[in-house]
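All of the numbers you see were taken from the coordinates with simple rules; none came from a lab. Small disclaimer: the values here were computed from a predicted structure and weren't measured. All Cβ positions, glycine included, derive from the backbone under ideal geometry; neighbour counts span all protein chains shown.
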Amino acid sequence: MTGPLLPLDADLVVKARRLAAKAAEPVVELARTHTTVSVERATLRLAGLTGADPDGIPWVNRLADAVQEQVGIEHGIALPVFHALKDFPDLERLAHAAAAGGVRFALPEDAAAEAARARASTAVGAGFDRIDASRALRSKLVGEIGDPPQRPWIYLIVATGDIYEDIPQAQAAAKAGADVIAVIRSTGQSLLDYVPEGATREGFAGTYATGENFRLMRAALDETSREVGRYIRLTNYASGLCMPEIAALAGMHRLDMMLNDSMYGILFRDINPIRTFVDQRFSRQVHARAGIIINTGEDNYLTTADAVEAAHTVTVSQLLNERFAHEAGLPDELLGLGHAFEINPEVPESFRLELAHALLARQLFPDAPLKWMPPTKHMTGDVFRGNLLDGFFNLAGVMTGQSILLVGMMTEAVVTPWLSDRDIALQNVRYVLSACAGLAEDFHPPADGFIAGRANHVLGEAVDLLGKIVDDGLLNAIADGTFGIMKRPADGGRGLDGVAKRAEDYWNPAASILDGVTE
Amino acid sequence: MSRIVRPYGDTTGDGMVQMSFTLPVPHDKRAEGAALQLAAKMGLDGAMLVHAKPIGENYTFFVVYGATTHLVNLDEVQVVERDYPHLSPKEVNDAVRGKLGRKLTVVGACIGTDAHTVGIDAILNIKGVAGEKGLEYYRELRVVNLGAQVAVPDLVNRAVDEGADAVLVSQVVTQKDAHLHNTREMSAAFREALPPNRRPLLVVGGPRFDESAAAELGVDRIFSRGTMPSDVASYLVHRLVFAKEEAA
């Protein structure tokens, strides 16, 4: 992408990336040497295990729990599971028996181990075949139907709680101009240590992410894509305690984008930092394999911290997200790094500051499909003023060449979704996109001007902060409240009991495939 | 002076209101007639339909102006007026130090799945809101901010461990009345866990709360939009320092 030009200090840019890589290194090492219950369950999902017990607890949980109890997860659960499978017709029957307490799990040795390895590799390989087939089908459909004619892509949210009501809403939204549909998850799903099963009709301010809901919505949007002549992309959330499993489900059901931030779960959901980093690396590897664009969550920092004072924390987080993503195999064109229009409109020159911050991101990550997030913090309930603010947000997005634009709603946090407000918001986007289509071409802030100065200033602050993070260690920085004010120690938070250091003999066929290890 | 009022459009007493809504019907003459009929039933006299626009195939959006036939008597309006004196940070500190003789402990959190800490942070963080410093700035208040998405049982345990005099809970997300459910759950948990004389003062805040619903939700006080840290601090001192002094 050729964005507008902004003279950034090239040495600072190099330094920023070097520091980000250094800060990420110990955390990547942690991720490589640990596993989690969700990584192990994702492996079972790739091997084709679906369904849930009568209480709605998925069979992957029942089976993984039984193995964890008997032999632990530090060796990887694939060997004990596929060893036990020799006495059962399929994984589901094994899970039933394990849930009833009728299976003795053990780590097989020698020939028995070889046989179990072979069974596991074949089963998990079939899951990757499904992911590869989904990716190929996406390419084919995009080729046949076509991409949206304009950038930024217009990203719209649906969230009724009922997948069967979401579907017509999503189809209507696509017909009204949306290029990307995000189905917001039920509030609190990120804190569930299992992925609900099947089509769901009740949610809390959102709809549960389930494999079946993914399948239903993707099929409906395929239909609509053909009608509107644009491939409509589908987005969900690979975040929370089940990040790796949801990533696997998304890959197999051809979701196109997934929200997946390196630190969001830690900071905003109080999920244990180590759990998050281990789960995140696996899920990003799956996304890389599936050709899924990740969306990072830098916008969230600005909802809790001041958007001017904390502007550089967004840049730091983008650089860290980029580093973690690259390490997990994601190329630039799959990095939907986030940032947001959240400066208090009462601040003088707020729009110039927004332009500076947005251009900084555009210039730092020229090939990434940046996700531009609308104002939420300063949406007061005055819908008329909110509509104006959204107009300025849209204008900044067009002027600075953003790639994915989340449509701002003037009723943010009051009523979502509200049909006529969505229509007015889309009208706002369409007006700005049409009126200012090529404006980025004409927008070259002078090298000695306010915008260039501010962008370089924020970059400088980001480099200083990265330096401190490298000195302290990223986990300590998170514990000290460096990002988004919240303090999250490495030994606190939810989900730590589902983390284990990998044993010497750890084996996971999914991890081997994703790491490119030849057996 | 008359205490009876009507809405104001451009002339005193004209009663004019502006209203927008969507009907689930395709845009045609009948839809516009239906919009005007609805306006009439809502008490708008001579309603003008100034804008009608299809949303998709099966919905139509309308903007209507009209004179309402309803009146409001200001004397009959019931609101929760401030029933305690407003104090400066210094007055709050002096009162706590002089009359309580120890620091007053405040535990704050966003409960349930609400991740929007903007409200609780505005009240508690030293940074405060609109130029007014938050409760952390008050020397005689000990503030424990648990942050976002605190489970109710965790909040109760922390409140007990910290010896909280007051618990402040902020709720921003209101979809499907989440703020009301969460608040009821929270107050019930405190009632179950502690006898009345050991229960901390329960205060909730958020932009869409009805300030008169405190009893119904089982809390001591509700603060709605526009609340400043000093309002909360003044209330805490009023209830925890002065009221106890009177009782003693």
* Structure fact -> For the residue A:496, residue B:215 Cβ pair and Förster radius 56 Å, calculated FRET efficiency rounded to 0.05 is 0.90
* To do: Please identify which residues in the stretch A:320-351 have an amide N closer than 18 Å to a label point set 7 Å out from the Cα of residue A:515, following the Cα→Cβ vector.
  => A:324-330
* **Average projection area in nm² (convex hull over Cα atoms of the stretch A:307-365, one quarter of hull surface)** => 3.9
* Asked: Which trypsin sites (Lys or Arg not before Pro) does the stretch A:350-456 hold that lie in a coil by DSSP with at most 16 other beta carbons within 10 Å?
  -> none
* To do: Can you check what the net charge comes to around residue A:427, using other residues whose Cβ is under 11 Å from the Cβ of residue A:427 (Lys, Arg +1; Asp, Glu -1)?
  => 0
* Farthest toward the dipole's positive end in the protein assembly as shown, which of A:211, A:481, A:365, given Cβ charges of +1 (Lys, Arg) and -1 (Asp, Glu) about the Cα centre? -> A:211
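Find the relative contact order for the stretch A:60-115 and round it to a whole percent, using C-alpha pairs within less than 8 Å whose residues are 6+ positions apart. Mind dumping the intermediate values first?
On the way: 50 pairs, mean separation 24.8, N = 56.
Worked out over the stretch A:60-115, it gives 44 percent.
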* **DSSP bridge pairs, chain A: antiparallel proportion in percent, nearest 5** => 15
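In a shell of Cβ-Cβ distance under 12 Å around residue A:131, excluding residue A:131 itself, what net charge do Lys and Arg (+1) and Asp and Glu (-1) give? Kindly include the intermediate steps, with their values, before the conclusion.
Numbers: positive: A:45, A:130, A:135, A:138, A:254, A:289; negative: A:129, A:132.
Local net charge: +4.
Using alpha-carbon pairs under 8 Å, 6+ residues apart, how would you state the relative contact order of chain A in percent?
Working: 1012 pairs, mean separation 108.4, N = 519.
Over chain A, the number comes to 21 percent.
Report, as an integer, the average count of C-beta atoms from other chains found within 10 Å of each Cβ along B:138-150. Before the final figure, lay out each step's value.
On the way: counts 0, 0, 0, 0, 0, 0, 0, 3, 1, 10, 7, 9, 1.
Per-residue shielding by partner chains comes out at 2.
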* For A:436, B:110, A:242, what's the fewest-to-most ordering of other Cβ within 10 Å of each Cβ? -> A:436, B:110, A:242
* Structure fact -> Note: probe point = Cα of residue A:434 + 7 Å toward Cβ; backbone nitrogen < 15 Å; residues of the stretch A:162-200 passing the test are A:176-178
* Asked: How big is the shadow of the Cα convex hull of chain A, averaged over all directions, in nm²?
  -> 22.9
* **Positive-pole candidate from A:84, A:180, B:49, dipole of the protein assembly as shown, charges at beta carbon** => B:49
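Past 30 Å, Cα to Cα: identify those pairs from B:41/B:176; A:175/B:29; A:140/B:176; A:487/B:133; B:99/B:133; A:175/A:371, in the order given.
Numbers: B:41/B:176 27 Å; A:175/B:29 24 Å; A:140/B:176 41 Å; A:487/B:133 21 Å; B:99/B:133 23 Å; A:175/A:371 22 Å.
The answer is A:140/B:176.
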* Computed E for residue B:151/residue A:70 - FRET, C-beta separation, R0 41 angstrom, nearest 0.05 -> 0.85
* Can you give me the Cα centroid spacing of the stretch A:60-99 and the stretch A:421-454 in angstrom? -> 55
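If you take each beta carbon of peptide A:265-272 and count the beta carbons of other chains within 10 angstrom, what is the mean? Don't skip to the end; give the middle numbers.
Values: counts 0, 0, 3, 6, 4, 8, 1, 0.
Taking the mean over all residues of the peptide, I get 3.
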* Could you work out how far the C-alpha centroid of the stretch A:335-371 sits from that of the stretch A:14-49, in angstrom? => 28
* When the convex hull of the Cα atoms of the stretch B:4-74 is projected onto a plane and the area is averaged over all directions, what value comes out in nm²? -> 4.8
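I'd like the FRET efficiency for residue A:347 and residue B:5, computed as 1/(1 + (r/R0)^6) with the beta carbon distance as r and R0 of 30 Å, rounded to 0.05. Could the numbers behind the result be given before it?
Working: r = 36 Å, r/R0 = 1.21.
Taking R0 as 30 Å, the efficiency between residue A:347 and residue B:5 is 0.25.
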* Asked: So what does the Cα-only Debye profile of chain B read at q = 0.08, 0.09, 0.16 Å⁻¹, as log10 I(q)/I(0), no solvent term?
  -> -0.46, -0.56, -1.05
* Quickly work out the residue B:49-to-residue A:147 label distance, labels modelled 7 Å from Cα along the C-beta direction, and quote it in nm with one decimal. => 4.3
* May I ask for the distance between the Cα centers of the stretch B:43-68 and the stretch A:265-303, given as a whole number of Å? => 45
* **Hypothetical label at residue B:18: residues of the stretch B:51-69 whose amide nitrogen lies under 19 Å (7 Å Cα-Cβ projection)** => B:51-53, B:61-69
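As an exercise, identify the GluC sites (Glu not before Pro) in the stretch A:276-372 lying in DSSP coil whose Cβ has no more than 15 other Cβ atoms within 10 Å.
Working: sites: A:298, A:309, A:322, A:327, A:333, A:342, A:346, A:349, A:354; in loops: A:298, A:309, A:342, A:346, A:349.
Filter output for the stretch A:276-372: A:309, A:346, A:349.
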